[in-house]
Amino acid sequence: MADGEGTMALMIVLVIGNVFTAMLGVALFAVAIWVAVDAYDLYPIAGVSGKDDIFAGSWIAIFTGFAFFCTAIYGIFAALRKSRGQMLLYLVLMLIIYIFECASCITAVTHRDYLVGNSNLVKKQMLKYYADDSYAGGQITKTWNRVMEDVQCCGTDSPMDWIAYTSTFSEKFGPTYQWPLRCCKRNSNFEVANPEACKIGHTSGIFTKGCFEHIESVLSRYTWAISWYGFSILMFVFFLLLIAMVYYMKL
Amino acid sequence: MKTIILGVFGVFFTVANAEFELKLLSDEVISSTFERSVILGLPPCTLAGRSVDLEYNNTGTNEKTILRNIFPVPLCRSKRGLISFPEQNAHFTLKRDLGYQVMNLANGTEYSFQYIVDTERSKALLATTRAAPSYTQIDDGLPARSGAMVVITVILSVAMFILLVALIITLFFGNSED
């Protein structure tokens, strides 16, 4: 009977663990949808560079989050019914979902390192694509215009980026305009406050903060939602699955 | 007597030809050197009202350019913002109160600048225009693997492996009991 009690204890642990896993899965599903929706509209920075697996990871996490939810519910019934076959199916399904979720976490955090490990990639992309005629150029230009307006910043590290390197923008508009007009401080009616001050780079007329801090913080926030949260779920599910395997062997 | 008069005149002569400071404008601007232009500070306001000439010399090719009567020295007054009536022609844009932007320079070249106000000259200022490298020279490869990436990758890879092995063992032992 000791064995039976042990099995009973394992069953209770499994049921509670699976309830918790179901809740975690739904939360992952929700958070991954938030990342995929990209409220800050920074996807083009990742998309044009080809390092967009933060968002690919979020799509995978939408699938795995919901799958964890469904499979965990199934696991509750499999444990309560003390059925070997069902427990085995539960284990196999959970392992498959586990592997997909691992892929999502790892790839999201790796591509985040590529994108915002330092400011070089974002800076080079800005200099190459801002004001460029191509489709990618249009995307990057729109994104940067929005960021500069919302965050009140100019350039990646600072407006110096625009004069420290040549760029597509400087080829088209230099030397009359050293930096885009979106770098200029504006009135509430969106008129440029002081065009001459902005043109020569006087601090009263131009934003002096760089935009990289904002871009890095947003992309990192997305990444932590997918990779660190996914990682914590996987650590919990790891131990749950080991317990489920012990339970299966005792059935 | 004559010696004293000569001495006095000598002093006046030195004072008249005193050299005043000339610096690049560094106050409150992003940069004073661009690829094709440079922003110079203004002559001291003690010379207010007098017309300024600028003489600059490309130190490489020894090409001299003189711009005559480019602006009158502004009055002494407390610091204010930029006055918003610029003068423009093909050669320059004047920023009153702040500095003077010398346009149409060659990039990556050293120039020597000197103001001439009547008989007074400023000290010569050596300044180099920027030679901005191409953006293609920025290295945008993977900068470094962050701690987060290493931890997540290593721990998850190990966990996946353990689970896979454990599942195989479970199947093996589970079935052999039947």
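The values are calculated or read from the model by the stated rules, or taken from the named source; none is laboratory data. Bear in mind the structure is a predicted one, so any value in this text is a computation, not a measurement. Note that we place each Cβ from the backbone using ideal geometry, even for glycine, and neighbour counts take in every protein chain shown.
Quick one: would you say B:Arg145 is part of a loop (DSSP other than H, G, I, E, B), touching a strand residue (DSSP E or B) at 6+ places or on another chain (Cβ under 8 Å) and facing chain A (nearest Cβ under 7 Å)? Walk me through it before giving the result.
On the way: part of a loop (DSSP other than H, G, I, E, B): yes; touching a strand residue (DSSP E or B) at 6+ places or on another chain (Cβ under 8 Å): no; facing chain A (nearest Cβ under 7 Å): yes.
When the stated conditions are applied, B:Arg145 does not pass them.
With the requirement that a residue be under 19 Å from B:Thr129 (Cβ atoms) and more than 7 Å from every other protein chain (Cβ to nearest Cβ), what does the range A:185-207 give you?
In the first step, residues of the range A:185-207 are kept if they are under 19 Å from B:Thr129 (Cβ atoms); the result is A:199-201.
Once the filter is applied, which keeps residues that are under 19 Å from B:Thr129 (Cβ atoms) and more than 7 Å from every other protein chain (Cβ to nearest Cβ), the range A:185-207 yields only A:Lys199.
Check A:Arg112 against each of (1) away from chain B (no Cβ under 11 Å); (2) surrounded by 24 or more Cβ atoms within 10 Å (Cβ to Cβ) and name the one condition it does not meet.
(1)
Looking at the range A:134-184 only, could you name the residues that are part of a loop (DSSP other than H, G, I, E, B), within 13 Å of another protein chain (Cβ to nearest Cβ) and among the hydroxyl-bearing types (Ser, Thr, Tyr)?
Passing the criteria: A:Thr156, A:Ser158, A:Tyr165, A:Thr166, A:Ser167, A:Thr176, A:Tyr177.
Pairs, please: C-beta under 6 Å, at least 6 apart or cross-chain, first residue in a helix (DSSP H, G or I) and in the range A:24-50, second among the hydroxyl-bearing types (Ser, Thr, Tyr)?
A:Ala32/A:Ser58; A:Val35/A:Ser58; A:Val35/A:Tyr222; A:Ala36/A:Ser58; A:Pro44/A:Thr143
Would you pick out the residues in the range B:47-57 that are at pLDDT below 85 and either aliphatic (A, V, I, L, M) or in a helix (DSSP H, G or I) (or both)?
Taking the range B:47-57 as the starting set, the residues that turn out to be at pLDDT below 85 are B:47-49.
If the condition is that a residue be at pLDDT below 85 and either aliphatic (A, V, I, L, M) or in a helix (DSSP H, G or I) (or both), then B:Leu47, B:Ala48 are the ones that fit.
If we scan the range B:123-131, do we find a residue that is surrounded by fewer than 18 Cβ atoms within 10 Å (Cβ to Cβ), more than 19 Å from the chain's Cα centre (by Cα), more than 8 Å from chain A (Cβ to nearest Cβ) and not in a helix (DSSP H, G or I)?
Yes, the conditions are met somewhere in the range B:123-131.
Which residue is modelled with the highest pLDDT, if the candidates are limited to the range B:1-46 and must be over 24 Å from B:Thr109 (Cβ atoms) and among the hydroxyl-bearing types (Ser, Thr, Tyr)?
B:Thr46
Filter the range A:102-133 down to the residues that are within 16 Å of A:Lys172 (Cβ to Cβ), assigned to a loop (DSSP other than H, G, I, E, B) and touching a residue at least 24 places away in the same chain (Cβ under 8 Å) and list them by number.
Restricting attention to the range A:102-133, the residues satisfying the condition of being within 16 Å of A:Lys172 (Cβ to Cβ) are A:126-133.
Applying the additional criterion that residues be assigned to a loop (DSSP other than H, G, I, E, B) yields A:130-133.
Across the range A:102-133, the qualifying residues are A:Tyr130, A:Ala131, A:Asp132.
Looking for something modelled with pLDDT of 95 or more, farther than 30 Å from A:Met8 by Cα and not aliphatic (A, V, I, L, M) - is there at least one such residue anywhere in the range A:79-98?
No.
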